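Right, one structure below, let's go through it.
The values are calculated or read from the model by the stated rules, or taken from the named source; none is laboratory data. Fair warning: this is a prediction, and the values are worked out from it, not measured in the lab. Positions of Cβ are generated from backbone atoms using ideal geometry, with glycine treated the same way; all protein chains shown enter the neighbour counts.
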Amino acid sequence: MVKVAGSLLDPDLGDHVCLPFQGDRERIATTRAFTRNGLRRRAKVLIVTHTHTPERTRGWLAPLVAGFEEAEAAGRIAILASADTHFTAGRFDPVRALRGLCAAGEQALREGHSGVYALVDAGWGVDDAAGQTALEAAANALFGQRWLAAVCQYDRVAFSHEALERVAAVHPIAPERALLRFTTTCAPPGLRLSGDIDLTNRQAFASVLAPLEKETDEVVIDATGVGFMDAGSAQLLTATALARGERRTVVVCDDTIARVLRLIRADELLTVQRAGDV
């Protein structure tokens, strides 16, 4: 029996998951579970292949998923090669990769799907560690809109332990790490956070905060759903406020997080509002 990572293969829209695996048996089991969950959630399932061709993937996946042919014919399942999603003329193209996801999301919503469920074979990045890490971090900006769930598959045979640690750090969700969820807000602009934030997902948190530096209006970060934040991660809120200069940055949080922010003197650069005072 091949063990699969349970809830990591049944993500909510908005989840960006790093999922190490080992070998084809586990690849097949995880792809089957992910596809079935995406269809159950009425999402468009997008499978980006690399190690296997789309034709080979379709060949072993179709018999494992009831109604596969009908779902694919109806546009509920799409299988694409990484060469057609992440590369242009054989060269890694991060702009194409991100634009492709956005286009898939727009199409899915037009067609009445709940969103996009993307399963990506990350083997495309074995020879470009820096480019892969940068793309995973940049992609976090898409997930706050809550139309996309993605599981990025990293084969332990192909990637070193150090490489896996590096890419896991820029994913808000990964096995045996603190779990972070977030939603982008518009009025006022900002974020709504939930989960825990510590050293294990601090880099992911930094990439989630980065777009706020460009906001011209007051920014509100609702951290009332955060159960734990360490001092090092709280410093990232200070860095965001500092980068925004005179533009007001507000953090709404409970007493525990407020104490951490006061401890690092973050309240000298941003406005800390306790949840009960809002």
Residue check, S7 closer than 20 Å to A122 by Cα, surrounded by fewer than 18 Cβ atoms within 10 Å (Cβ to Cβ) and among the polar types (S, T, N, Q) | yes
Discussion item. So for the range 181-190 (the condition being among the aliphatic types (A, V, I, L, M), touching a strand residue (DSSP E or B) at 6+ places or on another chain (Cβ under 6 Å) and outside the structural domain of A149 (by TED's automatic domain parsing)), does at least one residue qualify?
Written reply: no
Scanning the range 214-235 residue by residue, the ones that are farther than 24 Å from R247 by Cα and free of Cβ contacts under 8 Å to residues at least 24 places away in the same chain total 0
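Counting only residues that are over 28 Å from W147 (Cβ atoms), give me the helices (runs of 4 or more DSSP H) lying completely in the range 178-278 with at least 2 of them.
Filter on the range 178-278 gives 231-243, 255-263.
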By residue number, the members of the range 29-67 that are of a type outside the set (K, R), surrounded by fewer than 20 Cβ atoms within 10 Å (Cβ to Cβ), closer than 19 Å to S114 by Cα and in contact with a strand residue (DSSP E or B) (Cβ under 8 Å, 6 or more places away or on another chain) are N37, L39
For the range 68-80, state whether one or more residues are farther than 23 Å from R110 by Cβ and part of a strand (DSSP E or B). no
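Among what's in the range 122-138 and is touching a residue at least 60 places away in the same chain (Cβ under 8 Å) and over 14 Å from the mean Cα position of the chain (by Cα), pick the residue that is surrounded by the most Cβ atoms within 10 Å (Cβ to Cβ).
Top of the filtered list is W124.
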Problem set entry | Any chance A141 is at negative phi, of a type in the set (A, V, I, L, M), surrounded by fewer than 15 Cβ atoms within 10 Å (Cβ to Cβ) and in contact (Cβ under 8 Å) with a residue 60 or more places away in the chain | yes
Exercise. Being surrounded by 15 or more Cβ atoms within 10 Å (Cβ to Cβ) and touching a residue at least 60 places away in the same chain (Cβ under 8 Å), is that true of even one residue in the range 84-105?
Worked result: yes
In the set F228, F182, the lone residue that is touching a helix residue (DSSP H, G or I) at 6+ places or on another chain (Cβ under 9 Å) and closer than 19 Å to R259 by Cα is F228
Of the residues in the range 192-210, those that are in contact with a Leu (Cβ under 9 Å, 6 or more places away or on another chain), surrounded by fewer than 19 Cβ atoms within 10 Å (Cβ to Cβ) and not polar (S, T, N, Q) number 3
Conditions (1) at pLDDT 95 or above; (2) closer than 16 Å to D121 by Cα; (3) in a helix (DSSP H, G or I); (4) not small (G, A, S) -> C102 fails only (2)
**Request:** Tell me, please, whether a residue that is touching a Gly at 6+ places or on another chain (Cβ under 9 Å) and polar (S, T, N, Q) can be found in the range 111-121.
**Result:** no
Selection from the range 216-240 of residues within 15 Å of P188 (Cβ to Cβ) and either at pLDDT below 95 or of a type in the set (A, V, I, L, M) (or both) yields T216, D217, V219, V220, I221, A223
For the range 106-121, the count of residues that are in a helix (DSSP H, G or I), touching a residue at least 12 places away in the same chain (Cβ under 8 Å) and either under 18 Å from the mean Cα position of the chain (by Cα) or buried (at least 18 other Cβ atoms within 10 Å of the Cβ) (or both) equals 1
